1. What pairs can you find where one residue is in segment 122-137 and free of Cβ contacts under 8 Å to residues at least 40 places away in the same chain, the other is surrounded by fewer than 19 Cβ atoms within 10 Å (Cβ to Cβ) and part of a helix (DSSP H, G or I), and their Cβ atoms are less than 8 Å apart, with a gap of 6+ or different chains?
2. Among the numbered criteria (1) part of a helix (DSSP H, G or I); (2) touching a helix residue (DSSP H, G or I) at 6+ places or on another chain (Cβ under 8 Å), which one does residue 116 miss?
3. Within segment 252-272, can one find any residue that is in a helix (DSSP H, G or I), over 17 Å from residue 108 (Cβ atoms), touching a residue at least 40 places away in the same chain (Cβ under 8 Å) and touching a strand residue (DSSP E or B) at 6+ places or on another chain (Cβ under 8 Å)?
4. Test each condition in (1) within 27 Å of residue 17 (Cα to Cα); (2) outside the structural domain of residue 69 (by TED's automatic domain parsing); (3) part of a loop (DSSP other than H, G, I, E, B) for residue 147 and report the one that comes out false.
5. Would you point out which residue out of 239, 231, 249 is within 24 Å of residue 180 (Cβ to Cβ) and either modelled with pLDDT of 90 or more or surrounded by 21 or more Cβ atoms within 10 Å (Cβ to Cβ) (or both)?
6. Tell me whether segment 62-77 contains one or more residues that are buried (at least 23 other Cβ atoms within 10 Å of the Cβ) and over 22 Å from residue 233 (Cβ atoms).
7. Sort out which residues of segment 167-184 are exposed (fewer than 14 other Cβ atoms within 10 Å of the Cβ) and either more than 30 Å from residue 206 (Cα to Cα) or modelled with pLDDT of 85 or more (or both), and write them in order of number.
8. Within segment 93-115, identify whether any single residue is without any contact (Cβ under 8 Å) to a residue 60 or more places away in the chain, out of contact with any strand residue (DSSP E or B) (no Cβ under 8 Å at 6 or more places or on another chain), within 27 Å of residue 230 (Cβ to Cβ) and buried (at least 18 other Cβ atoms within 10 Å of the Cβ), and answer yes or no.
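The values are calculated or read from the model by the stated rules, or taken from the named source; none is laboratory data. For clarity, every value in this text was computed on a predicted model and none was experimentally measured. FYI the Cβ positions are ideal-geometry reconstructions off the backbone, even for glycines, and counts take in every protein chain you see.
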């Protein structure tokens, strides 16, 4: 079962976290409450998700939404470069990334698609992967500088994301345009109040569109129906509450809009791949492990093998 890695314990107030790791050990399956991008370089290993185990290949790019989980097994000199984005920042200072079509697909559309459990895996050519790994290493350096470099960090982040977006196989890609205003407005409405009892008719009426047409627009720009997007949003918010609060699971479900505890448990497991109880149990065990080593600084925890690979992982 996955452990859970927490945004507040790793980011130290920064919207971005980055690191390049050379892994020779198994990295136990774990979840986290932030967005992670893992670029695979040289070496060998197997990747574990709710969809099973698969060999890792150079050039693979793994994107995990908050609440998703994965692990690495049988690693031999495996290079994994991580670039992690705070979930809070994705709704605040990094929200503009959603307006860039190629980044919207990388960070939102593909990993929130139905049946993915919040995990998307694509492949870029090896040269693009090496370039991205180099930039992530430089991003790690900028983040560790004595003086804050927010402008340089943001620029480096955009460069990494651009390399990965450009490196995707063009024959398998479809052109995307700027997000439709009605879709953007509906997403903003859902994110502002995910616990409200939204109905498709109400959402469509708010943007003066036919419900069926709004559904088609969401399928085009988001890859889900409006209510499917709402379910993913609720699952991600529930994952954060399970990790950081003592609310009973039933109250967590009610807090995000799923009042029926049985229905909440079923939907959460469908979307995340774990029951709420399993997710919280692993969250608590990881938090205890972090608190049991008070001599470690935040930077040391970031560099340690037990936490980083996969979520700095």
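1. What qualifies is 135/159.
2. Checking residue 116 against (1) part of a helix (DSSP H, G or I); (2) touching a helix residue (DSSP H, G or I) at 6+ places or on another chain (Cβ under 8 Å), the one that fails is (1).
3. So far as segment 252-272 goes, no, none of its residues is in a helix (DSSP H, G or I), over 17 Å from residue 108 (Cβ atoms), touching a residue at least 40 places away in the same chain (Cβ under 8 Å) and touching a strand residue (DSSP E or B) at 6+ places or on another chain (Cβ under 8 Å).
4. (2)
5. Being within 24 Å of residue 180 (Cβ to Cβ) and either modelled with pLDDT of 90 or more or surrounded by 21 or more Cβ atoms within 10 Å (Cβ to Cβ) (or both) holds for just one of 239, 231, 249, which is 231.
6. Looking for residues that are buried (at least 23 other Cβ atoms within 10 Å of the Cβ) and over 22 Å from residue 233 (Cβ atoms), one finds at least one in segment 62-77, hence yes.
7. Residues satisfying the conditions are 169, 170, 171, 172, 173, 181.
8. The answer is yes, given that some residue of segment 93-115 is without any contact (Cβ under 8 Å) to a residue 60 or more places away in the chain, out of contact with any strand residue (DSSP E or B) (no Cβ under 8 Å at 6 or more places or on another chain), within 27 Å of residue 230 (Cβ to Cβ) and buried (at least 18 other Cβ atoms within 10 Å of the Cβ).
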